[in-house]
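The values are calculated or read from the model by the stated rules, or taken from the named source; none is laboratory data. For clarity, every value in this text was computed on a predicted model and none was experimentally measured. Virtual Cβ from ideal backbone geometry, glycine too; neighbours counted across all protein chains shown. Each accessible area value is taken on the protein alone, full model and side chains, heavy atoms only, with ligands, DNA and RNA left out. Shrake-Rupley method; radii C 1.70, N 1.55, O 1.52, S 1.80 Å.
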Amino acid sequence: MNVSEAVAYRRSVRGFLDKPVDVALIQDIVTRAARAASGGNVQPWHVDIVSGESMAKLKGIMAEKTANREMEKPEYHVYPPGLKQPYEGRRFEVGETLYGALGIPREDKKARAIWFSRNFQFFGAPTALFISFDRQMEHPQWADGGALLATIMLLLCEAGLDSCPQECWAIYPKTVGSFLKLPEERILWTGLSIGYKDSSDPVNSAMPSRAPADEWLVTHG
Ligand SMILES: Cc1cc2nc3c(=O)[nH]c(=O)nc-3n(C[C@H](O)[C@H](O)[C@H](O)COP(=O)(O)O)c2cc1C
């Protein structure tokens, strides 16, 4: 799989097979992904991989929290308050695409909430990672984290694995922070579920569209 093929193939996968992932392979992929560019070569990211017994433990903790509808105060806005158009429209559309693939109508808030809580079981993935930054970091360094995340996701595709990035973990900064023993100066950014795609899961048939390039691309000269 070349780079163009990996870019075209990659999707956020939300249903995984119960098939173990070699944690040494993930360590290797994350290490190689750190070739991603970062402003000033600061390499602002920190990565925690969770697998095996630790993963089972975290899933257990989260099953209890989601059953009790416990939530925490997020430490950053996943989306800016009052997200403008056309951005809010795109966000709405992807929700419709996903829940459409699952056959859950908009009015069925309960079924949507139950399905959303699958995020916190990593959609059945056996492995995940979390990316955090020193709290000193600002927008440019968070953007560098995006370059790392994208590189990891593409290398996973090359290795026959799939993934789903998950900022929903921003709802549980304390739980994840204490589980991973993140130092106080660290802020959790995102999770990434990793595993082998369950192609029979209808959610994986969703194909989120992209805005036409003329909405956001300008060429000068
Ligand atoms: C940083 C980041 C965080 C995301 N957080 C979530 C999440 O919490 N839950 C989820 O189901 N999808 C999440 N997504 C996936 C997006 O919804 C997805 O990338 C987008 O709809 C485009 O679909 P695609 O990745 O399949 O191309 C996230 C994506 C990114 C890049």
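Are any residues in segment 67-87 surrounded by 11 or more Cβ atoms within 10 Å (Cβ to Cβ), within 16 Å of the ligand (Cβ to nearest atom) and assigned to a loop (DSSP other than H, G, I, E, B), and if so, which ones? Listed by number, the residues that qualify are 71, 72, 74, 75, 76, 78, 83, 86.
Residue pairs whose Cβ atoms lie under 8 Å apart, separated by 6 or more positions or on different chains, with the first residue in segment 64-87 and farther than 18 Å from residue 139 by Cβ and touching a residue at least 24 places away in the same chain (Cβ under 8 Å) and the second of a type in the set (Val, Ile, Thr) and within 14 Å of the ligand (Cβ to nearest atom), are 71/171; 72/171. A search for C-beta distances below 7 Å between a residue of segment 151-167 that is touching a residue at least 12 places away in the same chain (Cβ under 8 Å) and over 17 Å from residue 15 (Cβ atoms) and any residue that is open to solvent by 10 Å² or more (accessible area, probe 1.4 Å) and near the ligand (Cβ under 8 Å from one of its atoms), counting only pairs 6+ apart in sequence or on different chains, returns 154/10; 167/78.
From the list 122, 116, the lone residue that is among the aromatic types (Phe, Trp, Tyr), within 13 Å of the ligand (Cβ to nearest atom) and on the phi > 0 side of the Ramachandran plot is 122. For segment 9-21, the set of residues classified as part of a loop (DSSP other than H, G, I, E, B) and in contact with an Asp or Glu (Cβ under 7 Å, 6 or more places away or on another chain) consists of 13, 15, 17, listed by residue number. Please determine whether any residue of segment 199-206 is of a type in the set (Ser, Thr, Tyr), more than 17 Å from residue 14 (Cα to Cα) and touching a helix residue (DSSP H, G or I) at 6+ places or on another chain (Cβ under 6 Å). Scanning segment 199-206 turns up no residue that is of a type in the set (Ser, Thr, Tyr), more than 17 Å from residue 14 (Cα to Cα) and touching a helix residue (DSSP H, G or I) at 6+ places or on another chain (Cβ under 6 Å).
Results for (1) of a type outside the set (Gly, Ala, Ser); (2) open to solvent by 30 Å² or more (accessible area, probe 1.4 Å); (3) within 14 Å of the ligand (Cβ to nearest atom); (4) at positive phi, shown as yes or no for each residue.
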residue: 161; (1), (2), (3), (4): yes, no, no, no
residue: 183; (1), (2), (3), (4): yes, yes, no, no
residue: 188; (1), (2), (3), (4): yes, no, yes, no
residue: 191; (1), (2), (3), (4): no, no, yes, no
residue: 201; (1), (2), (3), (4): yes, no, yes, no
residue: 205; (1), (2), (3), (4): no, yes, yes, no
residue: 209; (1), (2), (3), (4): no, yes, yes, no
residue: 221; (1), (2), (3), (4): no, yes, no, yes
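With respect to (1) within 12 Å of the ligand (Cβ to nearest atom); (2) open to solvent by 40 Å² or more (accessible area, probe 1.4 Å); (3) under 15 Å from the mean Cα position of the chain (by Cα), the lone exception for residue 151 is condition (1). With the structure loaded, tell me whether residue 141 is in a loop (DSSP other than H, G, I, E, B), farther than 30 Å from residue 99 by Cβ, away from the ligand (no atom under 11 Å from the Cβ) and touching a residue at least 24 places away in the same chain (Cβ under 8 Å) or whether it fails that test. No. The set of residues in segment 88-113 that are small (Gly, Ala, Ser), open to solvent by 50 Å² or more (accessible area, probe 1.4 Å), free of Cβ contacts under 8 Å to residues at least 60 places away in the same chain and more than 14 Å from the ligand (Cβ to nearest atom) is empty.
Scan 36, 6 and give me the residue that is within 16 Å of the ligand (Cβ to nearest atom), assigned to a loop (DSSP other than H, G, I, E, B) and open to solvent by less than 50 Å² (accessible area, probe 1.4 Å). From the options 36, 6, the qualifying one is 36. Against the numbered list (1) under 12 Å from the mean Cα position of the chain (by Cα); (2) small (Gly, Ala, Ser); (3) assigned to a helix (DSSP H, G or I), residue 163 comes up short only at (3).
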